Every structure is written in C-alpha cells, then in structure tokens.
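What follows is one structure encoded as structure tokens, with my remarks underneath.
The values are calculated or read from the model by the stated rules, or taken from the named source; none is laboratory data. These numbers come from a predicted model, not from an experiment. Here the Cβ positions follow ideal geometry from the backbone for every residue, glycine too, while neighbour counts run over all protein chains shown.
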Amino acid sequence: MPTTRTPKTWLRYFRRRRLAQSAPAATGDELDVLASALDPSRLTAEQFVQLLRTLHMLGDADAGVHLSTLSTDSLVRLVSRASKEQLKGLAGDEVLRPFFLDEIFRRMSEQLIPEKVRDISIVVSWRFTNDDVEDGFDRYQMVVEAGEFAAAKDLDRIPDTTVTLSVYDFILMATGNTAFASMFVTGKVKVKGDYSIAALLTTYFDIPKPV
C-alpha cells in the first residue's frame, strides 16, 4: 500500500473499506501515516473536526479503521500541530469530546509508572466544564491503588481531591503540550481537597512530549 496518499485520498480509501465488510482491519500504522501527512494549518477548525469525526464514524461502523489505534506519539504530534481553535472545536464536539476523554484515560493506564505508585492510594475526581449538561460538568473518577490504575465516569469512590478544568486544557496537559503546574499558576485548574495529590499527580505518569 503506498504511503504517499494525501489526507483526502486516505479518507476515500477508508470510506471504500466501510463498504467492504470482509476487508481486513486497517492497522494503527496506516492511521499514523495519515496523521503524519496531515497539515492542520491547511484545515479550518470545522474541517479538522469533521476529519476526526469521519474517522471515528468509520470505527463505529466497524469499517476496519478505528481512531483508537492511532499511536500515542501520533496523537501527541497531531495535538501539537493543531491550532487553539481546532482543539477547542474538538473539545466542544458532542461526539469527539467523550471519545477523547475516554481515550486519554485509557492511555493513562499504560503511562503509569509502577515504581512511583506502589505504595500510593488516591482517588481523584475530574470535572470538565461543559455548559451543555445540567450541572455544567462532565465527570470522571480515577483511582491509583497498589500500583494499579482505573478510570471511569463513575467508580463510586469518595475522592481525596477534585480537579476542575476544561477539556481543551486537559487534552494539552495529557499530551505533554502544556505543563500541569503552569495551569495551576494561571488559574486554569481548580482543586478542591488535598492539594498535594493534585500537585504530584502528573509525576506518576510517563506523559509523552511532542517532538
């Protein structure tokens, strides 16, 4: 398979696969090639969101391509090259917003540094501002306990600390495109409960850095 496809021809290729139910699944490598070829500066915020929604839709349709197979390095690079408006469009999209939150927490389990959390037991509630829901927040809980990690929308645990921020800032933080500590200083992150847990939180993970 050639690796010189433009983003448009890659999308045509994936759409054809959607119609071919017996086609083998596309690999993460193919999506990584697409992400590498993609220049977000050539897209409007709406086009950027639509591209990601198309890839997500193909995954939902079991068309042989799944956005979740994009490598973490490619995801970090994509975020670092996207504009503020493009990322805010992603964060505000009703389809991509929950997908990327779920995906980031899933990848955090792979980035946990076991030797740093062997004797730690913490419960962190995350509140992501969302004006479209009744109480104004999307909520997740994260538990690090005995070297293990779990995260979900509701783990029914009493939190040691609650962290509030926007999805846009969370995506930047989780992909190493901004420092968690700097968001405290600028007021983009608010903490209720044990402040020391929030301050040390990112040190427990091998957070990727954009190249």
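Please work out if residue 91 is buried (at least 18 other Cβ atoms within 10 Å of the Cβ), more than 23 Å from residue 164 (Cα to Cα), modelled with pLDDT of 95 or more and outside the structural domain of residue 146 (by TED's automatic domain parsing). No: the conditions fail for residue 91.
Residues in region 108-134 that are surrounded by 15 or more Cβ atoms within 10 Å (Cβ to Cβ) and without any contact (Cβ under 8 Å) to a residue 60 or more places away in the chain: 123, 125, 126, 127, 128, 129, 130.
Residues that are over 12 Å from residue 204 (Cβ atoms) and over 20 Å from the mean Cα position of the chain (by Cα) do occur in region 150-157. The C-beta contact set for region 188-203 (first residue assigned by TED's automatic domain parsing to the domain that holds residue 178, second residue surrounded by 14 or more Cβ atoms within 10 Å (Cβ to Cβ) and of a type in the set (Gly, Ala, Ser), distance under 7 angstrom, 6+ apart or interchain) comprises 191/198. When you check residue 164 against the structure, is it surrounded by fewer than 15 Cβ atoms within 10 Å (Cβ to Cβ) and either farther than 19 Å from residue 93 by Cα or under 19 Å from the mean Cα position of the chain (by Cα) (or both), yes or no? For residue 164, the condition - surrounded by fewer than 15 Cβ atoms within 10 Å (Cβ to Cβ) and either farther than 19 Å from residue 93 by Cα or under 19 Å from the mean Cα position of the chain (by Cα) (or both) - is not met.
For region 46-82, how many residues meet the condition of being within 16 Å of the chain's Cα centre (by Cα) and in a loop (DSSP other than H, G, I, E, B)? Matching residues across region 46-82 total 4. Is it true that residue 48 is out of contact with any helix residue (DSSP H, G or I) (no Cβ under 6 Å at 6 or more places or on another chain) and on the phi < 0 side of the Ramachandran plot? Spelling it out, it is not the case that residue 48 is out of contact with any helix residue (DSSP H, G or I) (no Cβ under 6 Å at 6 or more places or on another chain) and on the phi < 0 side of the Ramachandran plot.
If the condition is being more than 20 Å from the chain's Cα centre (by Cα), on the phi < 0 side of the Ramachandran plot and of a type outside the set (A, V, I, L, M, F, W, C), then region 191-211 contributes 192, 194, 195, 196. For the residues 83, 36, 109, the requirement of being hydroxyl-bearing (Ser, Thr, Tyr) and modelled with pLDDT under 90 singles out 36.
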